[in-house]
Every structure is written in C-alpha cells, then in structure tokens.
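Below is one structure, written out as structure tokens; the observations come after it.
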Amino acid sequence: MIIKPKVRGFVCVTAHPAGCAAHVGEWINLVKSRNPIRGGPRRALVIGASTGYGLASRVTAAFGCGAGTLGIFYERPSEDGRTATPGWYNSIAFTKAARAAGLFAGNINGDAFSDEIKAQALESIRREMGQVDLVVYSLASPRRAHPKTAAVHKSVLKPVGAPYTNKTVDTDKGIVSEVTIEPASPQEISDTVAVMGGEDWEMWMNALASAKLLAPGAQAAAYSYIGPEVTWAIYKNGTIGLAKNDLERAARNIDSLLKLNGGGRAIISVNKALVTQASSAIPVVPLYISILYKIMKAAGTHEGCIEQMQRLFATQIYAPSGPRFDEAGRVRVDDLEMRAEVQAAVAKVWPEVTTENLGSLTDIAGYRSEFLKLFGFGLAGVDYGADAEPHVQME
Ligand code: NAD
C-alpha cells in the first residue's frame with residue numbers, strides 16, 4: 001500500500017516502515033559519528049525503548065557503548081488496512097541493525113506496568129543477558145492499570161490550584177489561540193502521579209534487585225523536564241510536575257538501593273523540550289517548542305533526542321569524572337535550552353506570536369517536519385510513492 005501521513009490533531013494515525021527505519025538509521029549514524037563512549041553499559045534494560053528519549057537511549061547504549069539491550073515498549077502491530085505504530089517499526093529497524101553489528105537486542109511488547117511483563121523481562125535478562133548494568137526508565141503513558149489494586153489511573157495535563165490561561169497553537173492548522181485549562185481535581189493529581197510518578201520504576205528496580213539481575217555498580221536513569229516560567233503552570237507546577245517530583249523521590253530510594261549494590265547510582269536527567277508523541281499532547285508546550293527551535297537553530301545549539309542522549313551518556317553518566325549535579329541533585333542536559341539569552345529571546349517573541357506571523361516568528365515548519373519524522377515521513381532517500389509493506393514481524 002502507498003502510506004501517507006494522516007494527521008488527526010496531535011497524532012498521526014499512519015506510520016511508514018521504511019521511513020521509520022531511515023529515522024532510526026539517522027540516529028545510529030549520528031552516534032557512530034561521535035567517539036565511542038568508554039566505560040559505558042554492556043547490558044542495558046530500556047523501559048519505553050521504542051520512540052523518543054528511550055529509543056535514543058537505546059541507540060546510544062548499543063551504538064555508542066557496544067551494549068546489548070532489552071527494550072520494553074507498548075506498540076500496536078499492523079492490522080488489515082492499518083499500519084503499525086512507529087515504535088513498532090523503529091524497534092524492528094533497531095533490532096536488525098544491532099544484530100547486524102553483533103549486539104544482543106531483545107524486545108518485549110506489552111504493558112510495562114504489569115507484573116506479567118516484568119516477569120517476562122526478568123526471565124529474558126536471566127536467560128539472554130545474565131544481568132544488566134544500566135536501566136533506563138523512559139515511559140510516557142496516558143494510563144496505568146495498577147498491578148496490585150487493578151485500579152486504572154489516567155494521567156491529565158492540567159494546572160494545580162487555579163485555572164491557567166495562555167497561548168497555544170494547533171500545530172496542524174497553524175492557529176494560535178488562547179486556551180484556559182481548569183485545575184486538576186485531587187483525584188486527577190493522584191492519578192497522574194500514579195501513572196507518571198516513580199512507583200513503577202521502583203517496582204522494576206526492586207524486582208531486578210530481588211532476582212539478583214543487577215550487575216554490581218549498575219546504574220539507573222529516568223527523565224524529567226523543568227522548562228521556562230511560561231510553561232510552569234502546565235508543566236513544572238502542574239500535574240505532570242508533581243508526578244516528576246515523585247519520580248525524583250523514587251530516584252533517591254533507587255539510588256540507595258544501587259549504592260548498596262556495588263556503588264551504583266540512580267539519576268534524574270532533566271532533558272530538553274523536544275517534539276515527541278508525548279510532548280505534542282501537552283497544551284502550550286508545542287508553541288514554546290516552535291519558538292525555541294527557531295532560536296536554538298539560529299544560535300547553532302539545537303539538539304534532538306539522539307544528540308541529547310549521546311551527550312548525557314558521554315559527558316554525564318559515563319564521564320570519567322562522573323556526572324555533575326545541580327542544587328537538587330539532578331543531571332542537566334537542558335543547559336543549552338535554559339541559557340539566559342535563549343530564554344530572553346523566547347520571552348520576547350512569546351507575546352508577539354499570532355496566527356498571522358507564526359510562520360516567520362517561530363519554527364512551526366521545523367516542528368511539523370520533526371513531528372512527521374516521528375511517524376517516518378519526510379526522510380531523505382525514502383520513496384514515498386512506492387508500494388510499502390505495512391505488515392512487518394517483530395523477532
Ligand atoms: P515517547 O512518547 O516518545 O515514548 C514513550 C515510550 O513509552 C514509548 O516507547 C512507548 O512504547 C512506551 N510506553 C508507553 N506506555 C507504555 C506501557 N504501558 N508499557 C510499556 N511501554 C510503554 O515519550 P518521550 O517524550 O520520549 O518521553 C520519555 C520520558 O522523557 C518521559 O518521562 C518524559 O516526561 C521525559 N521527557 C520528555 C521531554 C520531551 O520534550 N519530549 C523532555 C524532558 C523529559
């Protein structure tokens with residue numbers, strides 16, 4: 001079938017297998033073009049490994065460090081007349097390339113929050129890897145069925161305490177408008193913390209430790225975001241920010257666990273705002289990203305997921321002198337985004353942006369092409385007019 005993008009709001013309901021493979025290929029080539037990362041992981045478990053920061057972590061572990069990887073993700077295979085989700089095609093492409101390079105690559109497609117998928121992962125590590133020396137936790141999910149209570153928690157992206165009004169952009173239609181978001185209820189806050197907080201990461205780490213599947217000195221990492229004041233009501237001080245505070249709480253517990261396991265550590269890395277399937281669903285943030293991209297591209301400091309994760313591994317987690325921490329004990333690879341001159345430029349443009357000048361004041365074009373790339377569209381060297389086979393098996 002000829003596969004074309006079908007964008008519906010902030011999702012694209014089609015994905016191109018060859019385009020996704022080309023996208024993964026670009027990331028692998030970027031990592032291979034940099035110096036190998038000495039002292040990196042040998043055997044990594046990546047939870048949320050099929051897209052965004054998790055996939056970039058997996059590519060960096062494999063092609064920057066020579067690690068075998070087990071990837072956990074929740075993707076939908078193709079059905080009659082319907083393509084698979086991009087993470088499905090990405091994982092197949094990654095696996096082919098890793099195995100061709102002589103690296104172990106295993107995949108488990110299913111709900112990482114469940115006991116069943118954790119048990120499958122432990123079994124796979126025991127059988128195929130022995131132990132793991134890095135665990136990356138990079139889930140972004142709208143819901144979690146709690147494995148102990150069976151309650152289904154749904155995360156929301158809302159302010160806390162008071163309504164929030166700000167500009168937002170419909171990235172598909174190019175319309176800038178004002179949006180008011182009502183504050184979350186106490187139930188919505190605790191549900192969001194249950195989904196995007198740290199409890200599940202702790203469950204994973206405790207299960208791995210109990211099964212003696214953590215190599216001595218094993219490290220763990222999870223990702224957070226802080227961003228500029230203009231997004232704080234919806235992000236840092238909103239429901240997702242409270243969940244990230246809980247992720248940091250979990251990181252401290254996991255850090256203690258890993259310290260006792262041969263001197264390992266757990267880190268929270270604060271990453272840059274980037275176009276991913278998860279971030280495109282957050283109100284206000286896509287407009288911020290469109291402005292930010294324009295400013296950072298002009299300054300020559302723009303990075304994507306893969307540059308961010310390559311830098312995190314090379315200059316922080318596996319730096320010979322070890323990671324550098326901020327005052328709250330977090331690692332920062334959002335440093336270039338948060339530079340005063342970058343944020344001053346964003347703040348200057350923010351009040352001026354309208355539907356009419358969106359194209360000139362922001363990099364909405366770059367946002368859109370990055371968004372389509374997430375689904376395998378717009379990659380160089382891919383013949384989008386050719387018949388494509390959507391049904392590809394995961395091995
Ligand atoms: P993403 O949507 O690209 O990736 C999410 C991953 O989680 C995918 O691999 C998906 O398959 C997997 N997943 C979702 N639900 C699952 C489930 N139930 N079981 C198994 N796998 C599941 O998201 P992303 O933007 O890369 O986000 C990853 C992390 O990075 C999140 O913690 C996010 O808050 C953080 N982060 C994102 C940004 C950003 O701008 N995108 C910035 C800083 C930090």
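Readers should treat all values here as calculations from the given coordinates under stated rules, not as data from a laboratory. In this text the structure is predicted, and so the values were computed from the model without any measurement. Backbone-built Cβ (ideal geometry, glycine too); neighbour counts: all protein chains shown.
For the structure I just gave you, tell me whether Leu208 is hydrophobic (A, V, I, L, M, F, W, C), surrounded by 23 or more Cβ atoms within 10 Å (Cβ to Cβ) and over 21 Å from Pro351 (Cα atoms). So Leu208 fits the description; yes.
Among the residues of the stretch 204-227, those that are closer than 28 Å to Val156 by Cβ, of a type outside the set (Ser, Thr, Tyr) and assigned to a loop (DSSP other than H, G, I, E, B) comprise Ile226, Gly227. Scanning the stretch 40-82 for residues that are in a loop (DSSP other than H, G, I, E, B), of a type outside the set (S, T, N, Q) and either closer than 23 Å to Asn29 by Cα or in contact with a helix residue (DSSP H, G or I) (Cβ under 6 Å, 6 or more places away or on another chain) (or both) yields Gly40, Pro41, Arg42, Gly48, Ala49, Gly66, Ala67, Glu75, Pro77.
Entry remark, the stretch 119-150: residues being of a type in the set (Ser, Thr, Tyr) and away from the ligand (no atom under 11 Å from the Cβ) number 2 in total. You will find that of Ile254, Ile234, the residue that is touching a helix residue (DSSP H, G or I) at 6+ places or on another chain (Cβ under 8 Å) and not in a loop (DSSP other than H, G, I, E, B) is Ile254 and no other. Those strands (runs of 3 or more DSSP E) of the stretch 128-203 in which at least 1 residues are more than 21 Å from Ala250 (Cα to Cα) and touching a Leu at 6+ places or on another chain (Cβ under 9 Å), considering only elements entirely within it, cover 164-170, 175-181. Contact annotation: residue pairs with Cβ atoms under 8 Å, 6 or more positions apart or on different chains, pairing a residue in the stretch 40-56 that is farther than 18 Å from Trp88 by Cβ and more than 6 Å from the ligand (Cβ to nearest atom) with a partner that is in a helix (DSSP H, G or I) and among the aromatic types (Phe, Trp, Tyr), are Gly40/Phe313.
Yes/no per residue for (1) of a type in the set (Val, Ile, Thr); (2) surrounded by 17 or more Cβ atoms within 10 Å (Cβ to Cβ):
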position: Val230; (1), (2): yes, yes
position: Ala233; (1), (2): no, yes
position: Thr239; (1), (2): yes, yes
position: Ala250; (1), (2): no, yes
position: Leu260; (1), (2): no, no
position: Ile267; (1), (2): yes, yes
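Looking across Thr165, Thr192, Thr171, one residue alone is surrounded by fewer than 22 Cβ atoms within 10 Å (Cβ to Cβ), within 16 Å of the ligand (Cβ to nearest atom) and among the β-branched types (Val, Ile, Thr). It is Thr171.
Scanning the stretch 59-77 for residues that are within 16 Å of the ligand (Cβ to nearest atom) and closer than 10 Å to Gln310 by Cα turns up Val59, Thr60, Ala61. The helices (runs of 4 or more DSSP H) falling completely within the stretch 282-353 that include 1 or more residues that are under 13 Å from Val230 (Cα atoms) and either away from the ligand (no atom under 16 Å from the Cβ) or in contact (Cβ under 8 Å) with a residue 24 or more places away in the chain (or both) map to 285-299, 340-349. Looking at the stretch 180-198, can you tell me whether even one residue there is within 25 Å of Val342 (Cβ to Cβ), in contact (Cβ under 8 Å) with a residue 60 or more places away in the chain and in contact with a strand residue (DSSP E or B) (Cβ under 9 Å, 6 or more places away or on another chain)? No, that holds for no residue. For the stretch 83-100, give me each residue that is in a loop (DSSP other than H, G, I, E, B) and of a type outside the set (A, V, I, L, M). Of everything in the stretch 83-100, those that are in a loop (DSSP other than H, G, I, E, B) and of a type outside the set (A, V, I, L, M) turn out to be Thr83, Thr85.
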